[in-house]
Amino acid sequence: MSFGRRPKPKPWASPSQILAAVGTKTNHGLPPGTAASASQKAAFFRGLHLPDLALAHACALGREPAWERFVGLYRAALVRAATGITGSASLGEDLADSLYAELYGLREVDGRRKSPLASFTGRGSLLGWLRTTLAQRYTDHHRRTHRETPLEDFDAPSPAPAPPIPVASTILTAAVARTLSELEPEDRFLLAAYYLDRQTLLQIARTINVHEATISRRLKRLLEGLRIRLLKNLCAGGLSKAAAQEALGTDPRDIEINLRALLQTSQTGAFNEQGTGSSQQAANTA
């Protein structure tokens, strides 16, 4: 597939400038108005998908080698995802081509080509971001064409069906919500404190009166269990195992779900009781 001459490379931006822009844009993963500490900034940058971020921004800058690598890595995956969303090989090809053209930067703003890849922040995988973008473009297309359909094209006795919904995205949203709702309150507290509030292991350990190493081990086991549960719920929702594995690359922040609302129902009481019980047992033994 060819769209003619590549976009003229834009002025070079250093990796540190790109990272600084991403951190500023997302407030280092913290709620708006919250100032990030040095440790919170470091934790944020460690959590980024840096190879994906570098590739996306190199493509947005019009770098030829980056586009060649992008096509080699994601062209086939884009077509498979688009085919799954549309339910048609031909429509999937069209959807993938239209997104590729948009990513390539055929749209001009103030006389300059603009690529949506420049908005990729690296907080999730690039493949997950691409799948989410595909689903959004498909929904936008059906909403637009549904509004623009002439009245004479409608058959009065047979109402027009609702636009198809990106099935994989809907299943993923439901699976994430179900998986998190199945967690114990103290597990939801750990996830919210560590990943949303950016607390350190030591801060969490002091809050719930346990050792820092206990928090580290529990988080590790929790993440392993979450992955297993989420895969199970995705398959139960109708995805194949391969499609479920691919869906795991999507950043939950890119889907329509309020993670904080799901995790805020957590309580620290169970932890405190455990810590108090352990302290009392040690005192009695002494």
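The values are calculated or read from the model by the stated rules, or taken from the named source; none is laboratory data. Because the structure is a prediction, the values reported are computed rather than measured. Here the Cβ is made from the backbone with ideal geometry for all residues, glycine too, and neighbour counts use every protein chain on show.
Only helices (runs of 4 or more DSSP H) whose full extent lies in region 167-229 are considered here, and the ones with at least 2 residues that are more than 26 Å from Asn27 (Cβ to Cβ) are 167-181, 185-191. For region 195-214, residues that are surrounded by fewer than 19 Cβ atoms within 10 Å (Cβ to Cβ) and either under 23 Å from the mean Cα position of the chain (by Cα) or of a type in the set (D, E, K, R) (or both) total 6. How many residues are within 19 Å of Arg229 (Cβ to Cβ), without any contact (Cβ under 8 Å) to a residue 12 or more places away in the chain and hydrophobic (A, V, I, L, M, F, W, C) if we restrict to region 184-213? Going through region 184-213 one residue at a time, the tally reaches 0.
Residue by residue, here is whether (1) in the same structural domain as Ala247 (by TED's automatic domain parsing); (2) more than 18 Å from Pro15 (Cα to Cα); (3) aliphatic (A, V, I, L, M) holds:
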site	(1), (2), (3)
Ser39	no, yes, no
Phe70	no, yes, no
Ile85	no, yes, yes
Ser98	no, yes, no
Gly105	no, yes, no
Ser119	no, no, no
Arg123	no, no, no
Arg131	no, yes, no
Gln136	no, yes, no
